[in-house]
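Every number in this text was worked out from the coordinates using simple rules, so none of it is lab data. These numbers come from a predicted model, not from an experiment. Neighbour counts run over all protein chains shown; Cβ positions are idealised from the backbone, glycine included.
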Amino acid sequence: MVQEAVTAVLHEVPMAVLLVDAEERIAQANAAAQAAFGAGLAGRALVTVLRQPALGRALEAALREGRRDRVRVVTGPAPETILLVSVAPAPATVLPGGAILAFDDITALEEAEAMRRDFVANVSHELRTPLTALMGFVETLRGAAKDDPVARDRFLAIMEREAGRMNRLVGDLLSLSRVEAEERRRPTASVDIAGVLRNVIQTLRPRAEAEGVALIAEGLDGAPTLPGDADQLTQLFVNLVENAVKYGGTGGEVCIEAEALPHEPVLRGPALKIVVSDRGEGIEALHLPRLTERFYRVDTHRSRAQGGTGLGLAIVKHIVSRHRGRLKIESEKGKGSRFSVILPLS
């Protein structure tokens, strides 16, 4: 009766649990353990399932000396799984002379912590450069350039640019934070996407004309409405069109196309596809998978010179995710780039 009760309880525990006997063989494995390490675990030596020296030492200490321990182990090929294993002597009524191993998957926690560290380091780095420049120019203006109006005007212009860069960075960080906070709440308001795109084009046309780039719209007439957040969708397409003008404007043309899809296989229903394309120099294939990472830049110097923060496409990715859509990036060196946003109609 006791063993039956133990087995029933173990199988209800959500984390992987193994009971290991005095010979270091697995006596019982609950459902979560079988899902993690495979079926048919009972009777196998633990070392054939998990070849982890640190875990072996902790198990031996539990079996021979009655000691408790917690061990961090990394299993599997990429992507790796990080487990925190609690090893303790098993109660005599459960498995005399044995040990109990409980596995807590901390992969997501460690990845989140690594992302947090990288994020703080990146933000600090991005702010340090303009702050250093500002402090240097302030010192110069108080000293050698105090009575030089030409130098003063030049330095003030640079200071204004660097302060603007910091302001844009803070603005994008706040936008990214808001988008991430709302990502799990799907918007339900009905949005006139054609109107959103026309407003984006109207807003960015002066910038495009200054760069010698023509903004061309196709397929906007008759574009269906869809559930969404108008402000976020505006920000999404402003980011895409602005990037196309800044980095693909050498082709002299940026096209914004809308196309209704009767059935989109991945979204499993009708959708609207909006493509922002340019005829610029394009992006090498090795950069494409990382373009939506925070602070990732293909050309760091050029991006900063253009006023980029490295967060624009990360914001785009999260807005598309909130709308349960898809983002597809296609580019070839010397042949321009295509950023396709596919949004469900229901």
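Between helix 53-65 and the chain, what is the angle of the helix's C-alpha long axis to the longest principal axis, kept within 0 to 90° and rounded to the nearest 10?
That helix lies at roughly 30 degrees to the long axis.
How high is the relative contact order of the stretch 186-346, in percent, counting Cα pairs under 8 Å that sit 6 or more residues apart? Let's see the in-between values first.
On the way: 323 pairs, mean separation 40.1, N = 161.
Dividing the mean separation by the residue count of the stretch 186-346 yields 25 percent.
Say the dipole of the chain comes from +1 at the beta carbon of Lys and Arg and -1 at that of Asp and Glu; which of L174, G219, L19 then lies farthest toward its positive end?
Sorting the options by dipole projection puts first L174.
How would you order 114-127, 162-175, 310-323 from highest to lowest mean count of nearby Cβ atoms within 10 Å? Let's see the in-between values first.
Values: 114-127: 12.4, 162-175: 15.4, 310-323: 21.7.
With the highest mean Cβ count within 10 Å placed first, the list reads 310-323, 162-175, 114-127.
Please work out the FRET efficiency for the pair T188 and D147, using the Cβ-Cβ distance as r and a Förster radius of 45 Å; give the result to the nearest 0.05. Each step should come with its number before you reach the end.
Details: r = 62 Å, r/R0 = 1.38.
That pair, T188 with D147, gives E of 0.15.
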